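**Student:** Structure provided below as structure tokens; questions to follow.
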Amino acid sequence: MENCDILVLGVGESGKHLAWSAARAGKKTIAIERSMVGGSCPNVACLPSKNVIYSAKVYDLVKRAKEFGITTGTVSLDMAGVRERKRKMIRVDAEFHLKMFRETGAELVMGEGRFVGPKVIEVRLNGGGTRKFSAEQIFLNLGSRAALPGIPGLTEAQPLTHVGALELGRLPEHLIVLGGGYVGIELGQAFRRFGSRVTLIERGPRLLSQEDPDVSEEILRLLRDEGLDVRLNTEAVRVEGRSGNEVQLETRSDPEKELIKGSDILVALGRVPNTHEVGLVLANIALDSQGYIRANDRLETSAPGIWGLGDCVGRPFFTHIAYDDFRTVWGNLKGENRSTKGRFVPYCMFSDPPVAHVGMSELGAQKTGLDYRLVKGPITLALRTSTVSETRGFMKALIDAKSDRILGFTAFGHEAGELMAVVQTAMMGDLPYTALRDAVFTHPTMAEGLVALLSQKPAVISSEIENQRRSA
Ligand SMILES: Cc1cc2nc3c(=O)[nH]c(=O)nc-3n(C[C@H](O)[C@H](O)[C@H](O)COP(=O)(O)OP(=O)(O)OC[C@H]3O[C@@H](n4cnc5c(N)ncnc54)[C@H](O)[C@@H]3O)c2cc1C
């Protein structure tokens, strides 16, 4: 048994920062990781997907070259080249992570860890053999993985998840995407732009069910305009064949059944936590009904001296949230009083153009019965959009009827994430919307569009009337 001060299981976004900070503070720190140093984000999720999506954007722009007054020769796609660019980024990032371990002195142990006692973790080392560690303070950053629901034949079809899809060195002839959430939309659009036929299956009546309906409608229009075959209200019933070769998906869209033939199938149907087979029960760590670690707003689990961080404690699933979890836990250990309660959760879906959101949505406002003022306008209010020929989209802000504070902001359009960050900053500073309206922003930037948006006469929305209208 080896004793240490700090034991980190899972070197994802939160775990790595915790290990580095603890080691820098002079604590004897052991960090255990089974495969991906740095976790999902830099290896198989955020960064690789945005990298590949950007290749698809470049391909799309090259095909639009004439519109920009540029003549090209024959344009063709090299998926192996797309993959190599992504792999190169990952390699650089991996070297950075290893360097950080060397420099901080946190010991990185590569292997699969599991509890064998309340505060004892045994590691099956990747290189063979085992090591056993104990510590008074243990941090679980176990992450999540793509859910594979029990659709008959799906497992046997060896479907792609985001991991395999981002490693393809070939172009699927016809990609069937299960799921109309972020991952399905981002990757579905990218593969369509590369040239695959793409059929996207969504069980619900609209894409991105957690967003306001106007966002869902615009995304649907975008995807259909780009040639994706999007099926709403459609259930995947059965799969036959093998992804990468030939697959047949039986769907039901009441009352009709249909057989869709494709070359590959990608599952993007949500996440499940990596909390099984880790022996959490031996450490007295309680899980919720979906298998996520139960943690309070200081991220303390049911076991004293053990914390849960990132995806393994449940929604929202974002890298910036996993990072903030680290700040919360580490801050409290240093004597601060941090909580995850009430923090801003901004996010962006990297479709092209992207969708970005912070604060309250219209649906959220209507659920709480709040009356609000709404300003909404086309993304072309930012003149930047016409200079770059990216004129699709809209933006809207919800403003508190009494205090003039911005309650929420959504943009679907060019550089929506950057635009949203400007509004978020004003919200964090508790500024009235007039501070942005009357600001002098550089011309022609996307931020300048906020002046035009917020100068519009707002419509006053009564949640009660709006709810009645919807149910009618
Ligand atoms: C395709 C895709 C795109 C995404 N894009 C974005 C985006 O643009 N922006 C954004 O904010 N979020 C995005 N996300 C979400 C984001 O990737 C996750 O929220 C984030 O990576 C979670 O980080 P984490 O630290 O909680 O877990 P992870 O990064 O998954 O880290 C957990 C680590 O624990 C290790 N581990 C687990 N069990 C054990 C064990 N028993 N022993 C040893 N090691 C173990 C795993 O190998 C892993 O490395 C995306 C997700 C996907 C799937």
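**Student:** Considering only region 37-59, state which residues are of a type in the set (A, V, I, L, M, F, W, C), within 9 Å of the ligand (Cβ to nearest atom) and under 30 Å from I70 (Cβ atoms).
**Tutor:** Of everything in region 37-59, just one residue is of a type in the set (A, V, I, L, M, F, W, C), within 9 Å of the ligand (Cβ to nearest atom) and under 30 Å from I70 (Cβ atoms), namely L47.
**Student:** Against the condition part of a loop (DSSP other than H, G, I, E, B) and more than 15 Å from the ligand (Cβ to nearest atom), how does G169 come out, does it pass?
**Tutor:** The answer is yes for G169.
**Student:** Does R294 qualify as being basic (K, R) and more than 12 Å from the ligand (Cβ to nearest atom)?
**Tutor:** Yes.
**Student:** Quickly run through region 1-28 and pick out the residues that are surrounded by fewer than 17 Cβ atoms within 10 Å (Cβ to Cβ) and more than 12 Å from A135 (Cβ to Cβ).
**Tutor:** Correct list: R24, A25, G26.
**Student:** To continue, here is another question. From (1) out of contact with any Phe, Trp or Tyr (no Cβ under 8 Å at 6 or more places or on another chain); (2) away from the ligand (no atom under 15 Å from the Cβ); (3) assigned by TED's automatic domain parsing to the domain that holds S263, pick out the condition that doesn't hold for G179.
**Tutor:** (2)
**Student:** Please go through region 190-218 and pick out each residue that is within 16 Å of the ligand (Cβ to nearest atom), at negative phi, in contact with a strand residue (DSSP E or B) (Cβ under 8 Å, 6 or more places away or on another chain) and in contact (Cβ under 8 Å) with a residue 40 or more places away in the chain.
**Tutor:** F191, E211 - these are the residues of region 190-218 that are within 16 Å of the ligand (Cβ to nearest atom), at negative phi, in contact with a strand residue (DSSP E or B) (Cβ under 8 Å, 6 or more places away or on another chain) and in contact (Cβ under 8 Å) with a residue 40 or more places away in the chain.
**Student:** Under the condition of being more than 21 Å from Q137 (Cα to Cα) and in contact with a Lys or Arg (Cβ under 7 Å, 6 or more places away or on another chain), which residue from region 272-291 is nearest to the ligand (Cβ to nearest atom)?
**Tutor:** V272
**Student:** Of the residues that make up region 364-379, is at least one free of Cβ contacts under 8 Å to residues at least 24 places away in the same chain and more than 23 Å from M427 (Cα to Cα)?
**Tutor:** no
**Student:** Going by the structure shown, is L98 over 27 Å from L160 (Cα atoms), at pLDDT 95 or above and of a type in the set (A, V, I, L, M)?
**Tutor:** In short, yes.
**Student:** Let me ask something else about it. Does H320 satisfy being in the same structural domain as E136 (by TED's automatic domain parsing) and under 30 Å from V230 (Cβ atoms)?
**Tutor:** Yes, satisfied.
**Student:** Ok, one more. Looking at this structure, is A106 more than 13 Å from the ligand (Cβ to nearest atom) and outside the structural domain of V329 (by TED's automatic domain parsing)?
**Tutor:** No: the conditions fail for A106.
**Student:** For residues in region 324-380 being assigned to a helix (DSSP H, G or I), assigned by TED's automatic domain parsing to the domain that holds A416 and among the β-branched types (V, I, T), which is farthest from K402 (Cα to Cα)?
**Tutor:** T380
The values are calculated or read from the model by the stated rules, or taken from the named source; none is laboratory data. Fair warning: this is a prediction, and the values are worked out from it, not measured in the lab. Here Cβ is always computed from backbone atoms with ideal geometry, including for glycine, and neighbour counts include all displayed protein chains.
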